Amino acid sequence: MAQSPAPITWNSRLTFILAATGSAVGLGNIWKFPYITGENGGGAFVLVYLACILLIGIPVMIAEIMAGRAGRTDPAHSMAALARESKATPAWGLIGGLGMLAGLMIMMFYSVVAGWALDYVWQSITGGYGDSAESIEAHFNTLLSSDSQQLLWHTLFAAITAAVVAAGVTRGIGRAVDILMPTLLLFMVMLVVYAFVKGDFAAGMHFMFDADFSKLSGEAILVAMGHAFFTLSLGMGAIMAYGAYFPGHASIGKTVLAIAAMDTVIALMAGAAMFPLVFANDLTPGQGPGLMFVTLPIAFSQIEGGAFFGSIFFILVSIAALSSSISLIEPGVAWMEKRGLKRPIATLMLAGVAWVGGYFSIHYGAVFNALDYITANIMLPLGGLFIALFVGWVMPAQRTLYESGMAGGPAYRSWRFVLRYIAPIGILVVFINSFL
Ligand code: PHE
Ligand code: NA
């Protein structure tokens, strides 16, 4: 019986979109974006972040998928092989190695925050955080001061991540993300509506979108750029590793635009849900990593059926975190597998190291902060810089043209120009500007 190849290609492009969206959308959108926006003064920071998504994130994501598809294996081996093919040094593979390390280091605090979300599933059901802004703030501080509580949830989350990765990520997660994204979107709409009705929506919008560039430090610009990498899962090989499964001639450009749009919309909605509650309840926008955990429970404690909606919401956040965390250790696992280790053993080793790191970030706030800061603001942009240089300058133009599926028109040419010049120079300027 003759079989049409078309549905197979469609299915696997869809699978890729789901996996990559699962990686991108996570705590970065719902937890981190609002709190760093709060810490960095709002409007101008948000605009710089959006500019970085457009001018650096999107072109680099296209480059990562391209390198992954061309190499068809884990990032380190893919880059080394492509370099050899282009008569360049296989030392380019070290970028893949830097990425594996970054992924592991991110997991060391990511899993802790995902653990907080798990705790809030439980607290929503039992009403554990109370129903006033004060009691909700107090609950979060209690959680932060209980190392054993955090360790329990962190351990649970790391174990679930390891179980999924050990089983092989390409199977199974597509389906989960398929249901997750629309449901998450629905909840975000609900929370924004609540913020609109019950919060100080005007103040929230002013904070998020009135740009006062005079207050923007070089440091804030670095954080905005770093977050563009973090939120799109770029600069460490997660998207490159998934790119290895990207079907032959599907268009990369449109796929990337869809993923970036979804990611950005969810982040902006998270901000629009939280800041109106911040201003209506006399909370501080710059209070730090607790922002999401002290604002959204206000909504859940006040709406009809809030225990139910709150617990579902935090389950959704935990699943979104899970579909991201598996992509944090997948490049390392794929690499070890290629070197002959069994997948479950490789997973156990990497998840074990990440678990120990998480143990230390629970006990020492400074470790937590350093891991967050160094990975997002230094390692990911550095990895992204080298990936841009690699795909833009080392891989032959013919090869990228073929891989892009973009047929050499203005879209391809502008992508290549931005990747070769704008993105690398932009990253360097932001680095220099903040370190001087
Ligand atoms: N993009 C994820 C988020 O926003 C975090 C992540 C970063 C995942 C890097 C993989 C790689 O939550
Ligand atoms: Na994200």
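Order these by the 10 Å Cβ neighbour count, fewest first: E134, E304, E85, E403.
Listed from fewest to most nearby Cβ atoms, that is E304, E134, E85, E403.
Quick one: net charge around G128, please, counting Lys, Arg +1 and Asp, Glu -1 for every other residue with C-beta under 14 Å from its C-beta.
Counting the neighbours of G128, the net charge comes to -3.
Decide, for segment 100-250, between rounded, prolate and oblate: order the square roots of the alpha carbon gyration tensor eigenvalues as a ≥ b ≥ c, take rounded if a/c falls under 1.5, and otherwise choose prolate if a/b is larger than b/c, else oblate.
It comes out oblate by the Cα gyration axes.
In what order do T375, T400, T155 fall by count of nearby beta-carbon atoms within 10 Å, going from fewest to most?
Exposure proxy ranking, most exposed first: T155, T400, T375.
Taking the Cβ of A346 as the centre, find all other residues whose Cβ is under 9 Å away and add up their charges (Lys, Arg: +1; Asp, Glu: -1).
With Lys, Arg at +1 and Asp, Glu at -1, the neighbours total +2.
In what sequence do L257, L184 fall when counting other Cβ within 10 Å, fewest first?
Listing L257, L184 from fewest to most nearby Cβ atoms yields L257, L184.
At a temperature of 20 °C and a viscosity of 1.002 mPa s, determine how fast segment 1-141 diffuses translationally according to Stokes-Einstein, using the Kirkwood radius over alpha-carbon pairs as Rh; express D in µm²/s, rounded to the nearest whole number.
Working: Rh = 19.2 Å.
My calculation gives 112 µm²/s for D.
F209 to F435: extension gain in nm, 0.36 nm per residue of separation minus the Cα-Cα distance? Write down the numbers at each step before the final one.
Details: separation 226, 0.36 × 226 = 81.36 nm, distance 2.68 nm.
That works out to 78.7 nm of additional length.
Counting C-alpha atoms alone, how compact is segment 14-435: give Rg to one decimal and Dmax as a whole number, in angstrom.
20.6, 64
Cross-link candidates for K342: which aspartates and glutamates have Cα within less than 20 Å, leaving aside residues fewer than 8 places away along the same chain?
The reachable aspartates and glutamates, counting only those whose Cα sits under 20 Å from K342, are D74, E330.
Determine the sum of side-chain charges near S233: Lys and Arg each +1, Asp and Glu each -1, restricted to other residues whose C-beta is under 11 angstrom from that of S233.
Summing Lys and Arg as +1 and Asp and Glu as -1 gives -3.
Considering the chain as a Gaussian network with a 10 Å cut-off on Cα pairs, which listed residue, M236, M395, M79, attains the greatest mean-square fluctuation?
Top of the fluctuation ranking is M395.
Taking the Cα centre of the chain as the origin, how large is its charge dipole in debye, to the nearest 20, when only Lys and Arg (+1) and Asp and Glu (-1) carry charge on their Cβ atoms? Let's see the in-between values first.
On the way: 19 positive and 21 negative charges, 401 e Å.
Value, rounded to 20: 1920 debye.
Between T142 and E304, what is the FRET efficiency for a Förster distance of 30 Å, r being their Cβ-Cβ separation, to the nearest 0.05? Write down the numbers at each step before the final one.
Values: r = 27 Å, r/R0 = 0.89.
Approximately 0.65, to the nearest 0.05.
Run lengths n ≥ 4 of DSSP H only: what is the helix-derived mean residue ellipticity at 222 nm for the chain, with -39500 (n - 2.57) per run over all residues, to the nearest 500?
It lands at -25000 deg cm²/dmol.
All of the numbers you see were taken from the coordinates with simple rules; none came from a lab. None of these values were measured; they are calculated from a predicted model. Counting neighbours? That spans all protein chains shown, and the Cβs are built from the backbone with ideal geometry, glycine included.
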